[in-house]
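Only the coordinates and a few stated rules stand behind these numbers; no lab work does. This is a predicted model, so every value here is computed, not measured. Counting neighbours? That spans all protein chains shown, and the Cβs are built from the backbone with ideal geometry, glycine included.
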Amino acid sequence: MRPNNEKKPAEADLVNSILQGNKAVFGIIIKNTEGLVTQIVVRMISNPEDRKDIIQEVYFKAYRSLPDFSFRSKLSTWIGHIAYNTCVNYLEKKKLVLRDDLEEGPARDETEEVLFKKELGVILAAEIGKLTSLYRTLIVLYHQEEMSYADIAQIMDLPEGTVKSYLFRARKMLKEGILAQYKKEEL
Amino acid sequence: MSISHVSEMEIQQYAVDKTSCEAGVVEHIAACDVCRVKVENYLFLFSALKEADRPVAEFDVEDAVMAALPSLPVRKESFALRDRFVYVIAFAAFASLGVLVWLLRRDVFGVFDGLTVVAVLVLLIPVTGILVWQCYDWYKKYKNIMKKIALTTMVLIGFLSAKAGDNDPGRDIEIKWESFRLFSMLLTCSFFAVVILYFIKMLLDDRIRNKLIEKGAPDELVRQLLQPPVKDTKTVIVKWICILGSGGIGFLLAEHFQPLGIQTLAIMSVSIAVGFLAYFFFLRSTEKNK
């Protein structure tokens, strides 16, 4: 179904080339993983001004740690893990709450104006925005980036069972949120 | 009468991957309109998620990162733990070999008793070939150290030969079976010692790297001197294909031209020589392509 931990053959060549001093090759790695890193950072960090710094920091960290990369996971998963950790560290430093309201449903009274728009994309984006950053990240990694449970578990440092359980709750909340919006609009 | 529907988790699981659901769940959903609607809601959600716009960075990530990319640092963490590990492994390997040889000393010294000279030679030629090959590799890498070792060995051999010559005025070149067996045993032991020496080599490489870093050698230089072995994988594989392939062909030919005799030695020697030659041509063509 989903691609598992199969390492692309080109990854080793890319990494070795950079380690031999060919800096420019790192640009290819950035291109390949930019989407994933942006997804994680955007879903985790609400302040758009800080996102730029965090994305750059993620790649600097990845570049500095490249000699230690041991190919135990895919390169993209490894960089995704760095991105997730960088976001968590940032949130902790800023004393922002990361895993709030895991058990309770999110508040739904802030975006009343959005609710009247009929476009599914807008409703979906609004509902995703109402999830906690943890759930948001899980949802986009699984359903948009099409990563396996195992890869997500590696990125987020969570047991695979916990990933499945959180994903179940996140999907349920998302589905109920969207259905609630449609019902309201129908009334 | 109340109808028992499948759970929300099973509904989700069905929507994510129908094939991983139990047959009962699949059958129920196929027959139950209520559950099928729930599944369709999830399928609708998943499809909407897949088609939703992905966030895009508001700046050119590649340009911004590449412009400020620092010089790649060489790993500078302490190797103390790894050093200790290598020491322990090397000590354990040497100690086990020593204890084993001591415990089995009678068997070890008598290991070639039942074999003919030719049979022992047939075994020894590939072993010697591998040892020579490996020593040549090390010679290239540790030229200066190896020169000193070779010089010391030659002086020692010369001294011992002179002493032996004093005891044996005849100085016959004839190889006695006993000394030949001793030589065979020593060569076999040295073959195992080569394996142990690999651990020492690992240790030396790490120590050189540490020294270079401590002395403040530029990162680029350290990287060039001590490249990880990954890039030589192809060469190493070809080398072992040549060694083992030529040895194997030699054995097959020796088997074909029975009985064992002087021709067997010739076959083994020529096979291994052809292996060397093939490897030489491979290296030369690789150099040319570079």
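Couple of notes before you dig in:
- Set A:Lys52/B:Lys18; A:Lys74/B:Lys50; A:Lys23/A:Lys74; A:Lys94/A:Lys183; A:Lys130/A:Lys164 screened for pairs whose C-alpha atoms are more than 31 Å apart: A:Lys52/B:Lys18; A:Lys94/A:Lys183
- Ordering A:Val37, A:Phe60, A:Leu14 by Cα displacement along the dipole of the range A:1-98 toward the positive end leaves A:Val37 in first place; charges were set at the Cβ atoms of Lys, Arg (+1) and Asp, Glu (-1).
- Inter-chain neighbour count for A:144-156: the average number of beta-carbon atoms from partner chains within 10 Å of each residue's beta-carbon is 1.
- Surrounding net charge for A:Gln154, when Lys and Arg each add one and Asp and Glu each subtract one, Cβ distance under 12 Å: -1
- Count Lys and Arg as plus one, Asp and Glu as minus one, and take only other residues whose Cβ is under 13 Å from that of B:Leu43; the net charge is then +3.
- Peptide A:124-135 has a mean of 1 when you count, residue by residue, the C-beta atoms of other protein chains within 10 Å of its C-beta.
- Database remark: amide H of B:Cys32 closer than 5 angstrom to no amide H (H placed geometrically; neighbours at sequence offset of 5 or more, or on other chains; Pro and chain starts carry no H).
- Shielding by partners, peptide A:20-30 (average Cβ within 10 angstrom, other chains): 4
- Other residues lying with their Cβ under 11 Å from the Cβ of A:Ile82 contribute a combined charge of +1, Lys and Arg counting +1, Asp and Glu -1.
- Once the chain from B:Ser269 to B:Val238 is taken as fully extended at 0.36 nm per residue, the excess over their C-alpha distance is 9.2 nm.
- Pairwise label distance in nanometres, B:Leu277 with A:Phe60, each label 7 Å out on the Cα-Cβ vector: 6.0 nm
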